[in-house]
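What follows is one structure encoded as structure tokens, with my remarks underneath.
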Amino acid sequence: MKPGQNILMPKLGLTMTEGLLAEWKVKPGDRVAQGDIICVVETEKIANEVEAPTAGEMIELLVPAGTTVPVGTAIASWTGAGMAAADGDSAPPPVADAEPSTVLPLSRNPGSRILSTPLARRLSRQSNVDLAVVAGSGPRGRIKAADVLAAISQRPRRVASADGGFSQADSVQLAIAKRLSAAKRDIPHFYVATEADVAAALSLREQLNLGASRRLTLTHVVVCAVARALTECPDVNRVWRDTGFAKFESIDVGIAVQTDRGLMAPVLRDAGRMDLDEIAATSAALIERGRAGRLTLDDLAGGSVTVSNVGMHNVTYLTPIVNPGQTAILGVGSVRDTFRPGARGEALLKHELGLVLAADHRVLDGVGAAKFLNRIVHYIENPAALMRKPQ
């Protein structure tokens with residue numbers, strides 16, 4: 001076999017981390033000249049023709065067309081020079097939002113045929129660029145994708161708004177964004193909502209916090225209530241995996257925590273066996289590790305349900321997105337004072353907590369979700385039952 005150099009998936013933009021190898025223009029054994037198109041790579045924003053940097057012969061295509069691979073992955077081997085993942089600074093500019101076409105200085109006879117590549121025509125349509133005014137750099141003036149991109153780059157840049165500007169997300173923020181986007185796209189969410197009377201929980205919290213070194217919070221009560229409800233609703237303590245259900249043996253509950261690195265959801269292990277005091281102690285330690293940036297992958301894995309409490313931010317309800325890999329998430333709002341009718345129609349002042357359960361419809365139906373939420377409410381409204389370990 002001929003010695004070969006690897007051709008790597010190029011980096012075609014500052015934010016590009018992976019690319020779709022949309023099309024091969026060559027096959028093993030083909031000889032290519034410098035500048036020949038060897039493949040088309042699509043990113044989230046644009047399709048790009050990848051040119052051969054030198055002459056060479058293709059030896060093997062390592063990645064089939066239609067495959068998405070990370071930047072830097074070897075996609076082919078050939079006898080030409082090695083192709084590294086290009087630096088983003090030298091990448092062609094992405095296609096901007098459609099703007100009026102820009103007239104570039106070009107001398108072309110009226111009515112003459114415009115030679116262009118399919119990708120160039122596609123880019124011109126997407127970007128509203130008139131090919132008649134684009135200078136082609138290919139044979140006989142053929143317009144290539146790079147020519148269209150060059151035309152786009154010469155457009156006047158839009159002036160950023162006064163409060164605008166772009167700030168690049170770090171790797172953690174990008175990972176969170178991708179996971180939540182995938183969760184919202186792939187998990188068929190549905191929601192059930194209600195309120196829980198927290199008068200008893202507030203009273204219990206006040207009593208237990210008197211002179212205590214570790215303070216009890218409503219989040220502890222809710223997490224403990226969720227754990228107890230999970231023991232009574234085993235169908236909730238499972239997750240969807242490709243073609244079926246994976247059931248958990250232990251009762252583990254995730255707790256959404258806002259950290260300096262973004263939203264995390266560490267999982268409290270074996271919460272179903274704990275009483276309220278243990279929940280408070282272990283969850284406090286878990287949250288502290290999260291905010292200190294000391295969580296491990298194991299801390300973030302597993303569990304079927306997460307609790308996300310934003311009650312401290314003065315909102316009535318939170319409609320959350322299911323944490324990827326789980327079945328449900330409970331959004332917890334602020335305590336609201338409201339009047340409800342009593343048995344004789346009298347107005348009774350209530351302290352209520354808004355609860356929204358978002359669930360994966362592949363795992364739960366409406367009845368199952370409502371039953372689970374009602375058990376959570378039961379334990380929140382009867383917190384004394386949480387003071388003892390479950391039988």
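Only one of the listed residues (196, 281) is closer than 23 Å to residue 354 by Cα, of a type in the set (Gly, Ala, Ser) and outside any loop (DSSP other than H, G, I, E, B). That residue is 196. From the residues in the stretch 265-316 that are of a type in the set (Asp, Glu) and open to solvent by less than 50 Å² (accessible area, probe 1.4 Å), which one is farthest from residue 380 (Cα to Cα)? The extreme case among them is 299. When we screen 277, 260 for residues that are at pLDDT below 95 and either more than 25 Å from residue 389 (Cβ to Cβ) or in contact with an Asp or Glu (Cβ under 9 Å, 6 or more places away or on another chain) (or both), the only hit is 260. So, residue 44, is that one under 21 Å from residue 124 (Cβ atoms) and either surrounded by 15 or more Cβ atoms within 10 Å (Cβ to Cβ) or modelled with pLDDT of 80 or more (or both) or not? When the stated conditions are applied, residue 44 does not pass them. Of 227, 246, all but one fail to be surrounded by fewer than 17 Cβ atoms within 10 Å (Cβ to Cβ) and closer than 23 Å to residue 370 by Cα; the exception is 246. Taking the criterion of being farther than 16 Å from residue 29 by Cα and either polar (S, T, N, Q) or out of contact with any Leu (no Cβ under 6 Å at 6 or more places or on another chain) (or both), the residues of the stretch 66-80 that qualify are 66, 67, 68, 69, 70, 71, 73. Just a yes or no: is a residue in the stretch 83-94 polar (S, T, N, Q), open to solvent by 40 Å² or more (accessible area, probe 1.4 Å) and either at pLDDT below 65 or part of a strand (DSSP E or B) (or both)? Looking for residues that are polar (S, T, N, Q), open to solvent by 40 Å² or more (accessible area, probe 1.4 Å) and either at pLDDT below 65 or part of a strand (DSSP E or B) (or both), one finds at least one in the stretch 83-94, hence yes. Here the stretch 304-314 is the region considered, the condition is being in a loop (DSSP other than H, G, I, E, B) and at pLDDT below 95, and the residue that is farthest from residue 230 (Cα to Cα) is 314.
May I ask you to list the residues in the stretch 254-264 that are closer than 26 Å to residue 208 by Cβ, out of contact with any Ser or Thr (no Cβ under 8 Å at 6 or more places or on another chain) and buried (at least 17 other Cβ atoms within 10 Å of the Cβ)?
257
A single entry from 363, 377, 332 fulfils the requirement of being under 24 Å from residue 273 (Cβ atoms), in a helix (DSSP H, G or I) and touching a strand residue (DSSP E or B) at 6+ places or on another chain (Cβ under 8 Å): 377. Taking the condition at pLDDT 95 or above and among the basic types (Lys, Arg), does residue 294 pass? The answer is no for residue 294.
Checking the condition assigned to a strand (DSSP E or B) and open to solvent by 30 Å² or more (accessible area, probe 1.4 Å), which residue from 389, 350 passes?
One residue alone meets the criteria, 350.
Just to be sure before I move on: is residue 338 modelled with pLDDT under 95, part of a strand (DSSP E or B) and of a type in the set (Ser, Thr, Tyr) in the structure I sent? So residue 338 passes the test. Restricting attention to the stretch 123-150, which residues are more than 12 Å from residue 49 (Cα to Cα) and in a helix (DSSP H, G or I)? 124, 125, 126, 127, 131, 132, 133, 139, 140, 141, 150, listed by residue number.
The values are calculated or read from the model by the stated rules, or taken from the named source; none is laboratory data. Not measured: the values here are computed from a predicted model. Neighbour counts run over all protein chains shown; Cβ positions are idealised from the backbone, glycine included. Areas reflect the complete protein model, heavy atoms only, side chains present, ligands, DNA and RNA absent. Shrake-Rupley method; radii C 1.70, N 1.55, O 1.52, S 1.80 Å.
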